[in-house]
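A quick write-up on the structure given underneath.
The values are calculated or read from the model by the stated rules, or taken from the named source; none is laboratory data. Computed from a predicted model, the values in this text were never measured in an experiment. Because the Cβ atoms are built from the backbone with ideal geometry, glycine has one as well, and the counts that use them run over all protein chains shown.
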Amino acid sequence: MNQTAVEPKVRTGKKLSRQATQLISTAIALLALVVVFTLSNPNFISMMNILNILKQATPIIIIAIGQTYVLITAGIDLSIGSVIACSGIVAAIFMRAEWPVWLAMTIGILFGAAVGALNGVLIVYGKLPAFIATMGTMTTIRGLALFLTQGIPIGNLPKAFTQIGTQRTWNVPNQIFIMIILAIIFGFILAKTKIGRYTYAMGSNYEATRLSGVNVNRTLIIVYTISGFLAAWAGMIMTANVISAAPTAGDGYELDAVASSVIGGASTLGGEGIVPGTVLGALVIATLRNGLNLSGASPFIQKIIIGIVIITAVFIDRFRRND
């Protein structure tokens, strides 16, 4: 019996209502943080500091968008921090070999996408749990980054590349514009295309989606490829920002990506999440870090506070799902 792909209906009115409520709640939390930190330090609300927050949040927002895709399928991608480092290193190696900047960047970004696709293949055809598959590639790719550099950052990169991280347009850092463009593109894909609908359907009910005729294997590989692709873009931006490619870049960023997605409304159980919520979630974390820094809080205290925020967000997610 031949089956044709059926458009799975995955967004009920109740789900949309929960997402809207979560988006509003995250926006209110962000606004509350801005008010509190402004009252404690008037310099917090300065244009310079606001742009600094956005600049710091840019790579987190980009990788968190990819992580949101993965979380919606009830998976996780632990390799994105390593991809950030290694994609920047791959691009830097070709730049130092005097390849055109655009071509070196393309190779670095394709490297990240290839790692994402490998994750998808390991999960789909290797039948490995997402946690195990991506933890394996996380370690392997981080090791590759250290091997390629022998632990020493690659500097002396072309000015045409480093301008991505250092130059401004209309007094706004260029990397912020890149982040906005990527957020719009992948927000549209998730909300308005078949890939997005299939992604939600897989997270809501994998088996029903498969039986409806959707090529779930291909969709899952695409989702992880998107995550790797976006992690590589974050790697380009971070490398340009610090004007060197370091093998330790992106260390621990995968946790920030998960936290941003969950705070923004993505569910660790799958089936829920939106890009605007993820962007707000990343801004909450960046604002919290920036405000605590300006307040002179110890980095150790900052980790404790952010950890509590993450636990609270996951708890609220479980509570919403049981409602």
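Close Cβ contacts (under 6 Å, 6 or more residues apart or on different chains) running from residues in region 166-187 that are more than 16 Å from Ala231 (Cα to Cα) to residues that are among the polar types (S, T, N, Q) and assigned to a helix (DSSP H, G or I) comprise Gln167/Asn174. When residues in region 112-133 are screened for being closer than 24 Å to Ser244 by Cα and either surrounded by 23 or more Cβ atoms within 10 Å (Cβ to Cβ) or more than 22 Å from the chain's Cα centre (by Cα) (or both), 3 of them pass. Pairing each residue of region 210-227 that is more than 24 Å from Thr137 (Cα to Cα) with any residue that is at pLDDT below 95 and in a helix (DSSP H, G or I), provided the two are 6+ apart or on different chains, yields C-beta distances under 7 Å for Arg210/Val216; Val214/Tyr198; Val214/Ala201.
Residues in region 67-89 that are surrounded by fewer than 24 Cβ atoms within 10 Å (Cβ to Cβ) and β-branched (Val, Ile, Thr): Ile76 only. For region 17-63, a residue qualifies if it is touching a residue at least 24 places away in the same chain (Cβ under 8 Å) and outside any helix (DSSP H, G or I), and exactly one does: Asn41. For region 64-98, the set of residues classified as farther than 30 Å from Met202 by Cβ and in a loop (DSSP other than H, G, I, E, B) consists of Ala97, Glu98, listed by residue number. Is region 303-319 home to any residue that is hydrophobic (A, V, I, L, M, F, W, C) and buried (at least 24 other Cβ atoms within 10 Å of the Cβ)? The answer is yes; a qualifying residue exists. Within region 92-115, the residues that satisfy the criterion of being within 27 Å of Val223 (Cβ to Cβ), of a type in the set (Gly, Ala, Ser) and in contact with a Ser or Thr (Cβ under 7 Å, 6 or more places away or on another chain) are Gly108, Gly112, Ala113.
Need a quick list: helices (runs of 4 or more DSSP H) entirely within region 207-323 having at least 2 residues that are under 15 Å from the mean Cα position of the chain (by Cα) and at pLDDT 85 or above. Result: 216-242, 253-263, 275-294. Residue count for region 98-108 under the criterion of being over 17 Å from Thr162 (Cβ atoms) and at pLDDT below 95: the result is 0.
The one condition from (1) at pLDDT 90 or above; (2) on the phi < 0 side of the Ramachandran plot that Ala74 does not meet is (2). All conditions but one from (1) more than 20 Å from Pro276 (Cα to Cα); (2) small (Gly, Ala, Ser); (3) assigned to a helix (DSSP H, G or I) apply to Ala201; the one that does not is (1). Residues considered: Ala160, Ala145, Ala133. Of these, the only one that is hydrophobic (A, V, I, L, M, F, W, C), modelled with pLDDT of 85 or more and touching a Leu at 6+ places or on another chain (Cβ under 6 Å) is Ala133. Restricting Gly187, Gly165, Gly196 to those that are closer than 14 Å to Thr239 by Cα and either among the β-branched types (Val, Ile, Thr) or part of a helix (DSSP H, G or I) (or both) reduces the list to Gly165.
Contact map, region 290-312: residues that are touching a residue at least 12 places away in the same chain (Cβ under 8 Å) paired with residues that are in a loop (DSSP other than H, G, I, E, B), Cβ distance under 9 Å, separation 6+ or inter-chain. Pairs shown: Gly291/Asn41; Gly291/Ala297; Leu292/Ser298; Leu294/Asn41; Ser295/Asn41; Ile305/Ala297.
Against the numbered list (1) farther than 26 Å from Gly187 by Cβ; (2) touching a residue at least 60 places away in the same chain (Cβ under 8 Å); (3) of a type outside the set (Asp, Glu), Ala97 comes up short only at (2). Could you please let me know if Ala160 is buried (at least 19 other Cβ atoms within 10 Å of the Cβ) and touching a residue at least 12 places away in the same chain (Cβ under 8 Å)? So Ala160 does not fit the description; no. Pairing residues of region 129-145 that are part of a loop (DSSP other than H, G, I, E, B) with residues that are not small (Gly, Ala, Ser), at Cβ distances under 8 Å and at least 6 apart in sequence or on separate chains, gives Pro129/Ile123.
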